[in-house]
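Here is the structure we will look at.
Every read-out reported here was derived from the displayed coordinates using simple, explicitly stated rules and does not represent laboratory data. Note that the coordinates shown come from a computational prediction; the quantities given were computed from them, not determined experimentally. A quick note on method: Cβ atoms are made from the backbone with ideal geometry, for glycine too, and the neighbour counts reach across all protein chains shown.
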Amino acid sequence: MKDTRKSTAATVTRESSDGFTEEERAAMKDRAQEMKAAKRRGGTSKEDGESDVLAKIAEMSSPDRERAERVHAVITSTAPDLAPRLWYGMPAYAKDGKVLCFFQSAEKFKSRYAMLGFSDQANLDDGDMWPTYFALTALTAAVEKRIAALITQAVS
């Protein structure tokens, strides 16, 4: 009797050897293009980053676009020293050249909600465990106030 377990396992491994979804591969391609563009420009100025972020937001479908516009406005008014830039094709905001936070549209990874994410550079530490991603389903005044508080804490 032929042992099919090995051949099945080999097939599964071969078919999923890179382990990335189509959306993840697209994000990696976006990041490579961002790095090439920054190199061509000799780095990314705050103005270049701002225009790149606004262009990326403009490409988004509704309601992601409206959410991204509001998140951008809250972040830039709360922490004007953060430098807007693209990061894996997402609007992001950097401190001292390192991404502090980013907006991930629901559409980008076919998720049911957009997210505001924070990197390990963000000063959000609170005990032994704290959230670094926040689902955004609506941007009410209370949510915008919470985002402003998180950004203030993150840059402190």
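In whole Hz, what ³J(HN,Hα) sequence does segment 90-96 give by Karplus (6.51, -1.76, 1.60; θ = phi - 60°), x for Gly and Pro?
Couplings: 10, x, 9, 9, 10, 10, 6 Hz.
What full-extension length gain, to one decimal in nm, is calculated for SER111 and THR76 as 0.36 nm per residue of separation minus the Cα-Cα distance? Numbers along the way, then the final one.
Numbers: separation 35, 0.36 × 35 = 12.60 nm, distance 2.54 nm.
Separation in residues times 0.36 nm, less the Cα-Cα distance, equals 10.1 nm.
With a 10 Å radius around each residue's Cβ, average the other Cβ atoms per peptide and rank 111-118, 63-70, 23-30, highest first.
Ranked from most to least packed, the peptides come out as 63-70, 111-118, 23-30.
Rank SER61, ALA138, TYR113 by how far each Cα sits towards the positive end of the charge dipole of segment 15-151 (+1 on Lys, Arg Cβ; -1 on Asp, Glu Cβ) and give me just the farthest.
Working it through, the farthest residue towards the positive pole turns out to be SER61.
So what are the ³J(HN,Hα) numbers for segment 121-133, from phi and the Karplus equation (6.51, -1.76, 1.60; θ = phi - 60°), rounded to whole Hz, Gly and Pro as x?
Working through the residues one at a time gives 6, 6, 8, 9, 3, 8, x, 8, 7, 8, x, 10, 10 Hz.
Using amide H atoms built in the peptide plane, which far-off residues or other-chain residues are under 5 Å from TRP87 H to H?
ALA92
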